[in-house]
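Pasting a structure here, questions to come.
Readers should treat all values here as calculations from the given coordinates under stated rules, not as data from a laboratory. None of the values given here were measured: they were computed from a predicted structure. When we count neighbours, we look across all protein chains shown, and the Cβ atoms used for this are built from the backbone with ideal geometry, even at glycine.
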Amino acid sequence: MAKVYVFDHPLIQHKLTYIRDKNTGTKEFRELVDEVATLMAFEITRDMPLEEIEIETPVSSTKSKVLSGKKLGIVPILRAGIGMVDGILKLIPAAKVGHIGLYRDPETLKPVEYYVKLPSDVEERDFIVVDPMLATGGTAVEAINSLKKRGAKHIKFMCLIAAPEGVEVVKKAHPDVDIYIAALDEKLNDHGYIVPGLGDAGDRLFGTK
Ligand code: URA
């Protein structure tokens, strides 16, 4: 069964408060999302495999640990997911970045893929799918389906704020995908917004309305 991790680190919680605040402008909002993504990347990479190599310090020879070269991919869900990519790349600069774009069909209300571009070696990579908001879960489920369809086997999902409804939907559809969250909020409102949430993440990141 999928595990859900809520990152309650004080720095993440502090920055999230200003991300939520409606008086925070676009520039600061973008910077804070970037910083929180970096801090979350630090936590999410806790289980990265290490191997020992032999090195010489100025004093003696010793065995010491390095990352064992696992290939990573970051996949933002367009468009708001883009706001989290650079923050993650600061810690994992060798990761490749794919993109998945989905829109909601006005009749069926189901998410439909309109853009998918992934690294060519999908089957060999571990992926982190990112979207600041996990609301109904429909988009996250479809983005993960899209990755799995193309051969991805190890996927994590990372967001800033999740609604309990969305977490349940993703857990049920993808029990093999662990979910990493900075805050688990109260609920969804009738318009599909997370309460208390932060409003529309894409609009706040890119200054659109
Ligand atoms: N997407 C957003 O940007 N905000 C929400 O509250 C829900 C979905």
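Relative to the present Cα-Cα distance, how much length would full extension add between K63 and M1 at 0.36 nm per residue of separation? Numbers along the way, then the final one.
On the way: separation 62, 0.36 × 62 = 22.32 nm, distance 3.65 nm.
The K63-M1 span can extend by a further 18.7 nm.
Which cross-chain or sequence-distant (5 or more) residues have an amide H under 5 Å from the amide H of I128, H modelled 1.01 Å from N in plane?
Residues meeting the criterion, in which the H sits 1.01 Å from N, are G73, I74, V75, K156.
In degrees from 0 to 90, rounded to the nearest 10, what is the angle of the helix 26-44 Cα long axis to the longest principal axis of the chain?
Between the helix axis and the principal axis of the chain, the angle is about 50 degrees.
In whole Hz, what ³J(HN,Hα) sequence does segment 121-136 give by Karplus (6.51, -1.76, 1.60; θ = phi - 60°), x for Gly and Pro?
9, 3, 5, 8, 9, 8, 10, 10, 8, 10, 7, x, 10, 10, 9, 6
Separate question: Grab the Cα-Cα distance for D8 and K149, subtract it from 0.36 nm times how many residues apart they are, and report the gain in nm with one decimal.
47.5 nm
For V116 and E54, what does the FRET efficiency come to when R0 = 30 Å and r is the distance between their Cβ atoms, rounded to the nearest 0.05?
Result of the calculation: an efficiency of 0.10.
In whole Hz, what ³J(HN,Hα) sequence does segment 194-209 give by Karplus (6.51, -1.76, 1.60; θ = phi - 60°), x for Gly and Pro?
7, 10, x, x, 8, x, 8, 4, x, 4, 6, 6, 9, x, 9, 9
Also: To the nearest 10 degrees, how steeply does helix 10-20 sit against the main Cα axis of the chain, on a 0 to 90 scale?
Relative to the chain, helix 10-20 is tipped by roughly 30 degrees.
Sticking with this structure for a sec: I'd like to compare 200-206, 66-72, 30-36, 146-152: which one has the highest average count of other Cβ atoms within 10 Å, and what's the full order after that?
30-36, 200-206, 146-152, 66-72
Taking the 0 to 90 degree range and rounding to the nearest ten, how far is the long axis of helix 138-149 tilted relative to the main principal axis of the chain, both from C-alpha atoms?
Tilt relative to the chain: about 40 degrees.
Taking all pairs of distinct Cα atoms, average 1/r, flip it, and tell me the Kirkwood hydrodynamic radius of the chain in Å to one decimal place. Could the numbers behind the result be given before it?
Numbers: mean 1/r = 0.0561 Å⁻¹.
Here the Kirkwood hydrodynamic radius works out to 17.8 Å.
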